[in-house]
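Comments concern the structure below.
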Amino acid sequence: MSEAAAFRGAGKVYRRSHLGRVTETIGLLRLDLKIRRGEVFGLLGLNGSGKTTAIKLLMGLHLPTTGEVEVLGRRAGDVDTLARVGYAPEAAYLNAALTGRETLRLFDALARRPARGREERVARMLDQVGLSRAGDTRLSSYSKGMLQRASLAQALLHDPELVVLDEPMTGLDPLAIQEMRAVVLWLRGRGKTVLLSSHDMSEVERVCDRIGILNGGRLARVLERRDWEGAPNAIESIFAQTVTRTDGVGPIHLA
Amino acid sequence: MSAIRAVFSYTFKEHVRHRAWLSLALFGLALGGGGLVASALAQEERARMMLDLGLAANEMIALVSVVFLTVHLVLREIESRAIFLILTHPVRRPHYLLGRFLGTLAAVGLGMAALGLLHWGLLRLLGWGGGGSYLLAWLCSLGKTVVMGSLALLLSLALTSEAAAMSFSLSLWVLGHFTAEMHFLAEKSGSAFLRTMIEIVSRAAPDFARLNYRDVWHAGLPTPAWMGAALIYVLGYSAACLALSAQLFEQKEF
C-alpha cells in the first residue's frame, strides 16, 4: 500500500435547517485524490474551497455525504488509526486551564502511549518546540506563537506516520514561518507524510512535493514539483488561472 | 480505560481551577453561616434546624453546580473547538463523554464533601451526634447530583442549547420531587391524552422519592434493601442517560 490517504469520490454537503427551511452548502464535491506515503502534499485554495472540509473528513470529524475516505489503509475516523496520525488545526484549540506540560501529558495518554517514559517524552517535546521554560505556565498566559507551538507539539508527540497541518503558517511572524517550514522539511526527512493546507503559495512551493488546487469544493488541478520548479511565479499564475471566486465577492478595482 | 482516566483528569483540573468554583465555595460558606444565624432563632431545635438548612443548602449548591457544569461540558468544548484535538486522537466518543462526566462529578462531589465536613463540624459543635445518618443523607444528595448530572448532559446533547437544557433540567428536578403526585394526577385525569402525557413525563423525570432519606431518617437507619434499591436506581437512571447521550454524541459532526 503506497497511499497514506485516499479520497474516493468523497463529497460533503452541509445541511442546515432553520425554521423548517433546509439550506444546503457544498463543502466538497466528488474528490478523488491519493496522497502518497512520504510526500509533502499541499492543498491550495481560496476561502471556502473545501480545504478544511477535506481535512475534517480525513480526521473523522465529518462523515462524507458521498464516497469514502481512507487513512493509512483504514476508513477515516477509525479510532485505532488515529494513533498514527497527528493533526494541528489552523488555530491552537487547546484547553486554557491546563499548563503546557499537562496538555502534552494529556495528549500523550490519549495517543495510547505507555505511562512509563511519559515525563521524559513530554519534557523532550517541550524542549524541541522551545517551550521548556513555559512548560508549567497555564496556556491562558501563552502568546499566540506559544500556543501554535503547543499545538504543533501535541501533533508530533506520538511520532505519527501522517501529519496533517491545517493552515500552519497563518498568523505567524516571519521567524515562526521559517521554523514551521523547517519542521515540515524535518518531517519529510524522517519519511513522514505531511498534508498541509495553505493560502500561502510561496510557502507551499518551497516545501511541497505535490500540490492540489481546490476550487469551489472540486479538485481543479494537481501539480507535480516539476510543474513549478525553475519557473518563477509558476504556482501563482497557475492558481490564478485555475480558481474562480465562488463566494459572490467581486474583484477590487480602485482605478 | 487510559483515555477515560486522561479525560477525567483534565476535566477535574479544569473545573477545580475555574473561578466560579471559588464563588460557589464562598456561597456555601455564606449559607452555612446564615444557617448558624437562623438556627439561633430556634433555641430548642437549633441543631435540627441547622441540620436541615445545611443539608438543603449543600444539595442546592451541588444541583446548581452539576447542572451548570454538565450542560456546558461538551457544548463549550465544541464552541471553543478544543474537542477537535481530543477526538482526532484515538479516543472513543463514549469514553470521552464518560471521562468528562466522571471528572465533573468528582469536582462537584469534592465540593459537596468539603461543605458537608464543614457543616457536620458545626453540628458537632452544637451537640448533634448522628454521624451515620448524616453520611447517608449526604450520599442520597450525591445520588440526586449524579442523576441530575447525567440528565443535564443528555439534555444538552439533545437540545444543543445551553439555556434550554438548563431550564429543562431544573424543571425535571422539580418534577422529580412530585412523582407520586403526578401519578395521582394521571389517575384522576379524565382525558386519556392528558393521562398518557403525565405518565410519560413522570416516568422520564427522575424519581427523587427513592432518594429522600432525609424525609424518613427520624425513624432510624434505612434497611439494606432500601439502600440497595436507591443505589440501583441512581446507577440505572444515570447509565440510561449516559447511554442515550453517547448515542447522540456518536452522530455529531464537528
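Read-outs: derived from the displayed coordinates by stated rules, not from any lab. Keep in mind it's a predicted model, so treat the numbers as computed, not measured. Neighbour counts are summed over all protein chains in view; Cβ atoms, including those assigned to glycine, are modelled from backbone coordinates with ideal geometry.
Just the number, please: percent antiparallel of the DSSP beta bridges in chain A, rounded to the nearest 5. It would help to have the intermediate numbers written out before the result.
Details: 26 of 45 bridges.
Counting only bridges with both partners in chain A, antiparallel ones make up about 60 percent.
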### Message
Quick one: 3J(HN,Hα) in Hz for the range B:90-107, Karplus 6.51/-1.76/1.60 with θ = phi - 60°, rounded, Gly and Pro as x.
### Response
x, 10, 6, 4, x, 5, 4, 4, 5, x, 4, 5, 5, x, 5, 4, 4, 5
### Query
Which one of A:GLY86, A:GLY50, A:GLY191 has the biggest mean-square fluctuation once chain A is modelled by GNM with Cα springs under 10 Å?
A:GLY191
### Query
Based on the Cβ-Cβ distance from B:VAL37 to B:ALA225, what FRET efficiency comes out when R0 is 25 Å, to the nearest 0.05?
0.05
### Query
Any idea which of B:HIS15, B:ALA152, B:ALA240 is furthest toward the positive side of the dipole for chain B, if Lys and Arg beta-carbons carry +1 and Asp and Glu beta-carbons -1?
B:HIS15
### Message
I need the shape label for the range A:185-255. Rule: rounded when a/c is under 1.5, else prolate if a/b > b/c, else oblate, with a, b, c from the alpha carbon gyration tensor.
### Response
prolate
### Summary
Summing -39500 (n - 2.57) over every DSSP H run of at least 4 residues in the protein assembly as shown and dividing by its residue count gives a helix-only mean residue ellipticity at 222 nm, to the nearest 500 deg cm²/dmol, of -18500 deg cm²/dmol
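Using only Cα atoms, what Kirkwood radius does chain A have, in angstroms?
On the way: mean 1/r = 0.0519 Å⁻¹.
Computed over chain A, the radius equals 19.3 Å.
Given C-alpha coordinates of the range A:95-157, what is the ratio Rg to Rh with the Kirkwood estimate of Rh?
Values: Rg = 10.5 Å, Rh = 11.3 Å.
My calculation of the ratio gives 0.93.
Ranked highest first by average number of other Cβ atoms within 10 Å, how do B:26-33, A:90-97, B:234-241 line up?
Values: B:26-33: 15.4, A:90-97: 19.2, B:234-241: 16.9.
The peptides rank, most packed first, as A:90-97, B:234-241, B:26-33.
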### Query
What are the residues whose amide H is under 5 Å from the amide H of A:GLY27, where those residues sit 5 or more places off or on another chain and H is modelled from the backbone?
A:LYS12, A:VAL13, A:TYR14
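Specify, per residue and in Å³, the volume enclosed by the convex hull of the alpha carbon atoms belonging to the protein assembly as shown. Show your work: numbers first, answer last.
Values: hull volume 109.8 nm³, N = 509.
Cα convex hull per residue, to the nearest whole number: 216 Å³.
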### Task
Would you give the gap between the C-alpha center of the range A:200-219 and the C-alpha center of the range B:163-218, rounded to a whole Å?
59 Å
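Just to confirm a number: summing +1 for Lys and Arg and -1 for Asp and Glu over residues other than A:ARG74 whose beta-carbon lies under 10 angstrom from that of A:ARG74, what do you get?
Values: positive: A:ARG75, A:ARG84; negative: A:GLU70, A:ASP78, A:ASP80.
So the surrounding residues net to -1.
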## Note on the structure
the range B:2-250, Kirkwood Rh and Cα Rg, ratio Rg/Rh at 1.00
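If you take the beta carbon distance between B:LEU135 and B:VAL201 as r and set R0 to 35 Å, what does 1/(1 + (r/R0)^6) give as a FRET efficiency, to the nearest 0.05?
Numbers: r = 33 Å, r/R0 = 0.94.
Result of the calculation: an efficiency of 0.60.
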### Query
Nearest 10 degrees, 0 to 90: what angle lies between the long axis of helix A:174-189 and the longest principal axis of chain A (Cα atoms)?
90 degrees
### Task
Using the Karplus curve 6.51 cos²θ - 1.76 cosθ + 1.60 with θ = phi - 60°, work out ³J(HN,Hα) for each residue of the range B:135-146 in order, rounded to whole Hz, and write x for Gly and Pro.
4, 5, 4, 5, 5, 5, 5, 4, x, 4, 5, 4
### Task
For the range B:17-117, just say rounded, prolate or oblate: build the C-alpha gyration tensor, square-root its eigenvalues into a ≥ b ≥ c, call rounded for a/c under 1.5, and beyond that prolate if a/b exceeds b/c, oblate if not.
prolate
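Which pairs break 25 Å Cα to Cα here: A:LYS144/B:LYS252; A:LYS12/B:LYS252; A:LYS56/A:LYS192; A:LYS56/A:LYS144; A:LYS34/A:LYS192; A:LYS34/A:LYS56?
Violating the 25 Å limit, Cα to Cα: A:LYS144/B:LYS252.
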### Query
Which distance in nm do the two modelled labels at A:TRP186 and A:GLU224 give, with both placed 7 Å along the Cα-to-Cβ direction?
3.1 nm
### Message
With θ taken as phi - 60° and the coefficients 6.51, -1.76 and 1.60, list the Karplus ³J(HN,Hα) couplings across the range B:112-121 in order, rounded to whole Hz; mark glycine and proline as x.
### Response
4, 5, 5, 5, x, 5, 4, 5, 5, x
### Query
Using the per-residue mean of other Cβ atoms lying within 10 Å as a proxy for protection, in what order, highest first, do the peptides A:126-136, B:83-93 fall?
B:83-93, A:126-136
### Query
A:ALA10: net charge of surrounding residues, Cβ under 13 Å, Lys/Arg +1, Asp/Glu -1, itself excluded?
+4
## Note on the structure
If one builds a Gaussian network model of chain A from Cα atoms under 10 Å apart, the most fluctuating residue listed among A:LEU44, A:LEU110, A:LEU139 is A:LEU110
#### Entry: Span from the the range A:1-35 Cα centroid across to the the range B:53-71 one, whole angstrom
44 Å
